[in-house]
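This report refers to the structure that appears directly beneath it.
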Amino acid sequence: MDIRVNFSGRAIRYTEEEIAVVAEAMRTADPLTQGEYMRAFERKFAVYQGVPEGTCFTTMNGCAALEMSAQLCRFRPGDEVVIPSHTFTASAYPYLKKGARLVWADIDPVSRVVTAESIEPLITPRTKAVVVVHLYGYVADMPAIMALCEERGLICIEDAAQAIGAEVEGQKAGSFGHMGIFSFHSHKNLTTLGEGGMLYVKDPDLAAIIPALRHNGHCAYSFERADYWKPAMGNVDVPMLGNEMLMPSNYCLGEVECALGAKLLDRIDDINDEKRRRALRFIDALDDCSELEFHRVDSRRHNYHLLAARITAGPAMRDAFMRAMYEKKGIKCVVQYIPLDRYDFYRRHGLDTASCPHADAFFDSMVSFPFQHWLSEDDFEYMLVSTREVLADLR
Ligand SMILES: *Cc1c(COP(=O)(O)O)cnc(C)c1O
């Protein structure tokens, strides 16, 4: 059977107005990177997040933002980072790369994200930071997790790659922690032509070095110059934190992407609300199907970036369900976020031990439905009816 409903690699379609903004930036931006569009996007993003101006920095993707956040932690040998095992690999390896040892935290079986209770027992005198991932678009209990991190003197980083616009108690995901990261990858609810990201840094002293850290160590001379071309057009120096020298990179996002990102901020709440309304329709219409267990959240705490469910009868039934959906109905569901301790990459780094029974059980029986924003009403209804039929056949 041909695929009728694919799990698309693209989350949204652009409006003609958004395409016009891109065309305009293509015509007029000078330079094509590190210019007015970038500064405007960063300012507008800070306003959207409810955080001070000068704390949000565009990056070429979420991973680059994570890597800078890891760099700002300044790990010493032996330092540990508590991080969920049930997440995308880019949440984790930047911290390993910058010298930390990863300690896997379990998820809550209902919300599928970490909690203060799952993090707390893993904290040791060596713990330096905690990474909280708002997976699927649901915001973890940040007030409780921040209280724990403050009490124990830990750096908290929110991976809000999937959770733009989601909020707890009126406060946006990614604005609670000491740092927050966002992704504008092709899959995400806000995508800047496939790649893009944002780093939020709360501490003004850390924020001050991000422009140089992000852009090759470029900075201004600290003295008045008689000629603008001497000693060179601009200086290159080492981004310093106290007396520590940091290595720069080039993680900048282009002007065209920034122009589009700023424009999409006008529509992100609508995109999220539309996805949530649809998710709730799907969940409620299948309420009598005890084989499927969704995480139902009727508030902006969930943006339903993804529509994931657990098949209550377990892995064999999950596989039978996915096979029938694919082979009989042409609907391509996927499984997501194998616990990272099972990947060869982490095993080879000696990170193959985790005590995360909920993450393991969830992954082994989970299914993620195609849920791109532009899924047609026909295809959505077809997926709903097909899900019912396949479950009835399997009973
Ligand atoms: C997409 C994603 C990332 C990485 O973002 P990129 O922009 O692709 O580098 C990190 N963490 C999570 C949870 C993600 O979903």
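The values are calculated or read from the model by the stated rules, or taken from the named source; none is laboratory data. Keep in mind that what you see is a predicted model, and the values were worked out from it rather than measured. Ideal geometry is used to build each Cβ from the backbone, glycine not excepted, and the neighbour counts take in all protein chains shown. Accessible surface is based on the protein model in full, side chains and every heavy atom, while ligands, DNA and RNA are left aside. Shrake-Rupley method; radii C 1.70, N 1.55, O 1.52, S 1.80 Å.
Identify, please: which residue in the stretch 178-192 is of a type in the set (A, V, I, L, M) and out of contact with any Lys or Arg (no Cβ under 8 Å at 6 or more places or on another chain) and is, among those, nearest to the ligand (Cβ to nearest atom)? Before you say what the answer is, go through the steps one by one.
Initial filter on the stretch 178-192 (of a type in the set (A, V, I, L, M)): 179, 181, 190.
Within this subset, residues satisfying the condition of being out of contact with any Lys or Arg (no Cβ under 8 Å at 6 or more places or on another chain) are 181, 190.
Numbers: I181: 7, L190: 11 Å.
Across the stretch 178-192, the extreme among qualifying residues is I181.
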Enumeration of residues in the stretch 160-172 that are near the ligand (Cβ under 9 Å from one of its atoms) and farther than 19 Å from E67 by Cβ = A163
Within the stretch 118-133, can one find any residue that is touching a residue at least 40 places away in the same chain (Cβ under 8 Å), under 24 Å from G194 (Cβ atoms), within 12 Å of the ligand (Cβ to nearest atom) and not in a loop (DSSP other than H, G, I, E, B)?
-> yes
Residue check, V131 modelled with pLDDT of 95 or more, in contact with a Lys or Arg (Cβ under 6 Å, 6 or more places away or on another chain) and of a type in the set (A, V, I, L, M, F, W, C) = no
So, of the residues in the stretch 115-134 that are buried (at least 17 other Cβ atoms within 10 Å of the Cβ), over 18 Å from the mean Cα position of the chain (by Cα) and of a type outside the set (A, V, I, L, M, F, W, C), which turns out to be nearest to A11 (Cα to Cα)?
-> S118
Does S175 meet the test of being under 26 Å from I119 (Cβ atoms), more than 16 Å from the ligand (Cβ to nearest atom), in a loop (DSSP other than H, G, I, E, B) and of a type in the set (G, A, S)?
-> yes
Yes or no: R10 modelled with pLDDT of 95 or more and under 21 Å from the mean Cα position of the chain (by Cα)?
-> yes
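With the stretch 1-96 as the region, which helices (runs of 4 or more DSSP H) entirely inside it contain at least 1 residues that are within 14 Å of the ligand (Cβ to nearest atom) and open to solvent by less than 40 Å² (accessible area, probe 1.4 Å)? Show your work before the answer.
Numbers: elements: 16-28, 36-49, 62-73.
Output list reads 62-73.
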Within the set of pairs 6 or more residues apart or between chains, which connect a residue that is at positive phi inside the stretch 188-204 to a residue that is more than 14 Å from the ligand (Cβ to nearest atom) and open to solvent by less than 10 Å² (accessible area, probe 1.4 Å) with Cβ atoms less than 7 Å apart?
-> L193/L260
Restricted to the stretch 193-244 and to residues being in contact with a His (Cβ under 8 Å, 6 or more places away or on another chain), under 18 Å from Q71 (Cβ atoms) and in a loop (DSSP other than H, G, I, E, B), the residue nearest to the ligand (Cβ to nearest atom) is K202
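Of the residues G170, G165, G137, G197, only one is among the small types (G, A, S) and surrounded by fewer than 17 Cβ atoms within 10 Å (Cβ to Cβ); which? Can you show your working first?
Numbers: G165 fails: surrounded by fewer than 17 Cβ atoms within 10 Å (Cβ to Cβ); G137 fails: surrounded by fewer than 17 Cβ atoms within 10 Å (Cβ to Cβ); G197 fails: surrounded by fewer than 17 Cβ atoms within 10 Å (Cβ to Cβ).
After applying the criteria, what remains is G170.
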